[in-house]
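Reviewing the structure listed below.
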Amino acid sequence: MNLIRVFKLIKLKNNCTRRMILTSIVQNKIRKYRDDKMAENSELIERFFKYVKVDTRSSETTETHPSTDKQKNLALILVSELKEMGYSVDYDEEHCYIYSFIPSNNGNADTPVIGFIAHMDTSPEVSDENVKPRIIEYKGGDIELNKEKNIVMSSIDYKSLDNYIGQHLIVTDGTTLLGADDKAGVAEIMQMAYDLSKHPEIKHGRIAIGFTPDEEIGEGPMFFDLKRFGADFGYTVDGGTLGIIEYENFNAAQVRMIIHGRNVHPGSAKHIMKNSICIGNEFQNMLPTDQRPEVTEGYEGFYFLEKFEGTIEKTVMEYLIRDHDGKKFEDKKKLFLNAAEFMNRKYGEGTVEVYMKDAYYNMIEKMKDHMHLIDKAYEALKNAGVEPSSEPIRGGTDGAALSFKGLPCPNLCTGGENYHSRFEYACVESMEKTKEMLLGIVSLYEKETYDSLNEKISR
């Protein structure tokens, strides 16, 4: 082969390589553009954006039900949308509960009625007024949320970001929470309902949909009517990271403690003054320092000093007591009460008043007899290409109280992260997979009933 021919071949090869590289670059750009447009134009994400822009912040101080009337603003939107889809709606306007029903289309009365539940309120801890959601393609590193106010989501502080490189994240401007807890769950359920209305070829039994207020203040199930809901079992769609199915949660107690002091001029205070602030601090130091939220994880419980306000004369302290293990939970409460009793012996009877009440219990006690719910969720996730896993909830969910009321109700992921925070975000791809999981659960129960019917016929 002569040199001229060699050079021609090299040139041709280089040109081909160049074209291949350019083609690949163009294809990648087209793919990225397509993915970005998909994220922007997703019906699910459009719903989510609409819902998070509605202020539904609950309140711990109003002592009304719902705790804030503005939660009804979102409820009315959902009622209207469900009716537009052609579904019947039973709206408890007084207490702000929505019960809606998708009729069966499989002709089999033996198919169980599945319920899906999410809450409309957002946490009182951070404002949800004027939420400004936007989609970014996450490429790694820190996320600048607000250039003007220098608000940055640090990839060092928020390690979960490492799991989302190359995906689309919904973030805020850093001045409010996002509201993915639990408007992501609301949007996913609503999109599932919409998809079923447009695709009658997806066979299913009767489906119940429930939306609750005030979950964030522990009162979501307070007026939830199981008879009106009419489900055999349910799922709360109120979790976080994609793939995680939860059926264990804390046993929980709430404590309000009032410490009565006695004031006098500090110059003549010896043996007279009782500084309620100091007594409160002394009490806090009596509780185990290795059982605080900031140093616990997994199944480890804690004492959480949530509020400390006081003067010399009077101090109010509010605690959360949590543990997954029932015995350890009772032990924690006993230790707390013993510490209060000790302070009364030391400083005089009536110095410390304790008002303690149980809030909810670990749903595993009810779920262990209904593990088919977990199995179906796992299978639906696998069918969607997601590897499922479970971990204990280090908190509570409506599903815990509902399980003890008689509705077995584990908790499903939604695709959100950093809840109750200005650095909250949700992943577009995860939300779409969650909706796919919901549809998958519906189909799996329908298939199970169909297979069972065929088996009976074949006999």
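Here are the numbers for this structure:
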| quantity | calculated |
| --- | --- |
| Residue within region 98-113 that is over 21 Å from LYS198 (Cα atoms) and aliphatic (A, V, I, L, M) present | yes |
| Members of region 91-110 that are within 28 Å of the chain's Cα centre (by Cα) and outside any strand (DSSP E or B) | GLU93, GLU94, HIS95, CYS96, PRO103 |
| Residue check, ALA401 touching a Gly at 6+ places or on another chain (Cβ under 7 Å) and surrounded by 14 or more Cβ atoms within 10 Å (Cβ to Cβ) | no |
| Single unsatisfied condition, GLU297 versus (1) farther than 14 Å from VAL354 by Cβ; (2) surrounded by fewer than 17 Cβ atoms within 10 Å (Cβ to Cβ); (3) more than 22 Å from the chain's Cα centre (by Cα); (4) not small (Gly, Ala, Ser) | (3) |
| Residues of region 122-156 classified as charged (D, E, K, R), without any contact (Cβ under 8 Å) to a residue 40 or more places away in the chain and farther than 17 Å from GLY415 by Cβ, total | 6 |
| Positions within region 201-233 being out of contact with any strand residue (DSSP E or B) (no Cβ under 8 Å at 6 or more places or on another chain), touching a residue at least 60 places away in the same chain (Cβ under 8 Å) and assigned to a helix (DSSP H, G or I), in sequence order | ILE217, LEU226 |
| Conditions (1) at pLDDT 95 or above; (2) assigned by TED's automatic domain parsing to the domain that holds MET192; (3) part of a helix (DSSP H, G or I); number of the one not met by GLU387 | (3) |
| Test: residue in region 172-186 that is at pLDDT 95 or above and more than 24 Å from SER67 (Cβ to Cβ) | yes |
| Region 220-262, subset acidic (Asp, Glu) and surrounded by fewer than 22 Cβ atoms within 10 Å (Cβ to Cβ), residue nearest to GLY416 (Cα to Cα) | GLU248 |
| Test set (1) in contact (Cβ under 8 Å) with a residue 24 or more places away in the chain; (2) not assigned by TED's automatic domain parsing to the domain that holds ASP182 - GLY239 fails condition number | (2) |
| GLU300 in the same structural domain as ILE259 (by TED's automatic domain parsing), more than 20 Å from GLY280 (Cα to Cα), part of a helix (DSSP H, G or I) and not basic (Lys, Arg) | no |
| Tally of residues being of a type in the set (Gly, Ala, Ser) and in contact with a Gly (Cβ under 8 Å, 6 or more places away or on another chain) across region 242-258 | 1 |
| Single condition MET190 does not satisfy, out of (1) in a helix (DSSP H, G or I); (2) surrounded by fewer than 24 Cβ atoms within 10 Å (Cβ to Cβ) | (2) |
| Flag for ALA359 being part of a strand (DSSP E or B), in contact (Cβ under 8 Å) with a residue 60 or more places away in the chain and closer than 23 Å to VAL237 by Cβ | yes |
| In region 135-175, residue nearest to the chain's Cα centre (by Cα) [restricted to those that are closer than 18 Å to THR241 by Cβ and of a type in the set (Ser, Thr, Tyr)] | SER160 |
| In region 122-143, the residues that are assigned to a loop (DSSP other than H, G, I, E, B) and more than 13 Å from VAL54 (Cβ to Cβ) | SER123, PRO124, GLU125, VAL126, SER127, LYS132, TYR138, LYS139, GLY140, GLY141, ASP142 |
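The values are calculated or read from the model by the stated rules, or taken from the named source; none is laboratory data. In this text, all values refer to a predicted model and were calculated from it rather than measured experimentally. Please note: Cβ atoms are built from the backbone with ideal geometry, for glycine as well, and neighbour counts cover all protein chains shown.
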